[in-house]
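A.B. asks: Here's a structure for you.
The values are calculated or read from the model by the stated rules, or taken from the named source; none is laboratory data. Fair warning: this is a prediction, and the values are worked out from it, not measured in the lab. We place every Cβ from the backbone using ideal geometry, glycine too, and count neighbours over all the protein chains shown. The protein model used for the area step is the full one, side chains on, heavy atoms only, and it has no ligands, DNA or RNA in it. Shrake-Rupley method; radii C 1.70, N 1.55, O 1.52, S 1.80 Å.
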Amino acid sequence: MTAAAPHRATGPRVARRRRYLMCRPEFFDVTYAINPWMDPGKPVDTALAVTEWERLRSLYLELGHEVELIPPLPGLPDMVYAANGATVVGGRVLGARFRDAERSAEGPAHLSWFRERGFTEVREPRHINEGEGDFLVTDSWILAGRGFRSSPESHAEAQEFFGRPVIGLELTDPRYYHLDTALAVLDGDEIMYHPEAFSPGSRAVLRRVFPGALLAGPSEAGVFGLNAVSDGRHVVLPEAATTLAARLRERGFEPIGVDLTELLKGGGSVKCCTLEIRPPQD
Ligand code: ARG
């Protein structure tokens, strides 16, 4: 099972219109530490976080995407990281179940949001999974992270619910605690990732399945360069990831750097703030 993974674009990259869910960081703060990036002793400028986030949202709209909003809830400072709230593939919604008590209320809040909007194929998760933080969707597979947050059992649950093959990947570096901090889907079955974030076995799996993947080094991963969102042509990523941007350009993508430094204090960037709602025909 080897994916068609081109080293170079064969023609112009084509953007596909996406539907995203985001959550304005009105209550964003760092009041606890559940990943190594978070330091509750460091001041957070919530207004600045909102400004940065608004720019990201405007960018998606300028690129022609649809952006839905889930209302932020007081007492849930991490809710801005909407990617963690659910996983939506083919119109089916797998709810999230968080490892940490501080975020647990976000799961039901997202489930209600989807139910209220008429989604009927909605599953309350049995096992711990932190949504698209650990589930990334390619054309052929769902890539699933474990080791820090989502449980291995949640991988089987996702495979059964979505009817898509799930490839489980073991994360080993606490700085890359969610799969979306170490790997991003660019287009189809094309990905980029930071090999050192994974166990030796998982690295071997990634090499085997994605031989043409773009590999990112520690300096690119360390500025959250892999926490990127691609529509198939435009790749929105942290502006500090300049080397990665250049390499994406070589492959025919159009990288767009954004400044989300305030939200980095919670250990998240572009992808963490963006949940993709994939329609039934996907
Ligand atoms: N502070 C949040 C946490 O540790 C950040 C989540 C980032 N989200 C993501 N999709 N990686 O849970």
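A.B. asks: Within segment 198-259, considering only helices (runs of 4 or more DSSP H) that don't extend past its boundaries, which have at least 2 residues that are aliphatic (A, V, I, L, M)? Don't jump to the end; show me each part of the working.
C.D. replies: Values: elements: 200-209, 218-222, 242-250.
It comes to 200-209, 242-250.
A.B. asks: From the list 94, 171, 186, which one is under 29 Å from residue 220 (Cβ atoms) and within 16 Å of the ligand (Cβ to nearest atom)? Please lay out each step first, then the result.
C.D. replies: Working: 94 fails: under 29 Å from residue 220 (Cβ atoms); 186 fails: within 16 Å of the ligand (Cβ to nearest atom).
Just a single option satisfies the conditions, and that option is 171.
A.B. asks: Taking the options 184, 197, name whichever one is among the aliphatic types (A, V, I, L, M) and either more than 20 Å from residue 88 (Cα to Cα) or open to solvent by 20 Å² or more (accessible area, probe 1.4 Å) (or both).
C.D. replies: Numbers: 184 fails: either more than 20 Å from residue 88 (Cα to Cα) or open to solvent by 20 Å² or more (accessible area, probe 1.4 Å) (or both).
After applying the criteria, what remains is 197.
A.B. asks: Now for a different question. Here's a check for you: in segment 44-84, which residue that is charged (D, E, K, R) and part of a helix (DSSP H, G or I) is nearest to residue 33 (Cα to Cα)? Before you say what the answer is, go through the steps one by one.
C.D. replies: Just the residues of segment 44-84 that are charged (D, E, K, R), to begin with: 45, 52, 54-55, 57, 62, 66, 68, 78.
Filter again for part of a helix (DSSP H, G or I), leaving 52, 54-55, 57, 62.
Details: 52: 22, 54: 25, 55: 26, 57: 26, 62: 34 Å.
Looking at the filtered set, the residue picked out is 52.
A.B. asks: Just checking, how many residues over segment 118-151 are part of a loop (DSSP other than H, G, I, E, B), out of contact with any Lys or Arg (no Cβ under 6 Å at 6 or more places or on another chain), more than 12 Å from the ligand (Cβ to nearest atom) and in contact (Cβ under 8 Å) with a residue 12 or more places away in the chain?
C.D. replies: Looking only at that region, the number is 10.
A.B. asks: Shifting gears a bit: Being within 16 Å of the ligand (Cβ to nearest atom) and at pLDDT 95 or above: is that true of residue 181 here?
C.D. replies: Details: within 16 Å of the ligand (Cβ to nearest atom): yes; at pLDDT 95 or above: yes.
So residue 181 fits the description; yes.
A.B. asks: Scan segment 264-280 and give yes if some residue there is out of contact with any strand residue (DSSP E or B) (no Cβ under 7 Å at 6 or more places or on another chain), more than 16 Å from the ligand (Cβ to nearest atom) and not in a loop (DSSP other than H, G, I, E, B), otherwise no.
C.D. replies: no
A.B. asks: Condition (residue is in contact (Cβ under 8 Å) with a residue 12 or more places away in the chain, within 25 Å of residue 33 (Cβ to Cβ), in contact with a Gly (Cβ under 7 Å, 6 or more places away or on another chain) and buried (at least 21 other Cβ atoms within 10 Å of the Cβ)) applied to segment 152-168: is it met by at least one residue?
C.D. replies: So far as segment 152-168 goes, no, none of its residues is in contact (Cβ under 8 Å) with a residue 12 or more places away in the chain, within 25 Å of residue 33 (Cβ to Cβ), in contact with a Gly (Cβ under 7 Å, 6 or more places away or on another chain) and buried (at least 21 other Cβ atoms within 10 Å of the Cβ).
A.B. asks: When segment 26-56 is examined, which residues are found to be within 12 Å of the ligand (Cβ to nearest atom) and either in contact with a Phe, Trp or Tyr (Cβ under 8 Å, 6 or more places away or on another chain) or within 19 Å of residue 238 (Cβ to Cβ) (or both)?
C.D. replies: Of the residues in segment 26-56, the ones within 12 Å of the ligand (Cβ to nearest atom) are 28-40, 44.
Selection gives 28, 30, 35, 36, 37, 38, 39, 40, 44.
A.B. asks: So in segment 96-117, with the set limited to residues that are of a type in the set (Gly, Ala, Ser) and under 18 Å from residue 20 (Cβ atoms), which one is most open to solvent (accessible area, probe 1.4 Å)? Let's see the steps before the verdict.
C.D. replies: Pass one, segment 96-117, residues of a type in the set (Gly, Ala, Ser): 96, 101, 104-105, 107, 109, 112.
Those left that are additionally under 18 Å from residue 20 (Cβ atoms): 96, 109.
Working: 96: 8, 109: 24 Å².
That would be 109.
A.B. asks: Which residue pairs have Cβ atoms closer than 7 Å, lie 6 or more positions apart in sequence or on different chains, and pair a first residue in segment 44-73 that is at positive phi with a second residue that is surrounded by 18 or more Cβ atoms within 10 Å (Cβ to Cβ)?
C.D. replies: none
A.B. asks: Condition first: touching a helix residue (DSSP H, G or I) at 6+ places or on another chain (Cβ under 9 Å), surrounded by fewer than 19 Cβ atoms within 10 Å (Cβ to Cβ) and among the hydroxyl-bearing types (Ser, Thr, Tyr). Now tell me which residues in segment 10-51 satisfy that.
C.D. replies: 31, 32, 46, 51
A.B. asks: Quick check on segment 57-72. Is at least one of its residues open to solvent by 20 Å² or more (accessible area, probe 1.4 Å) and within 15 Å of the ligand (Cβ to nearest atom)? Let's see the steps before the verdict.
C.D. replies: Of the residues in segment 57-72, the ones open to solvent by 20 Å² or more (accessible area, probe 1.4 Å) are 57-59, 61-64, 66-69, 71-72.
Next cut, within 15 Å of the ligand (Cβ to nearest atom) only: 72.
Yes - at least one qualifying residue is present in segment 57-72.
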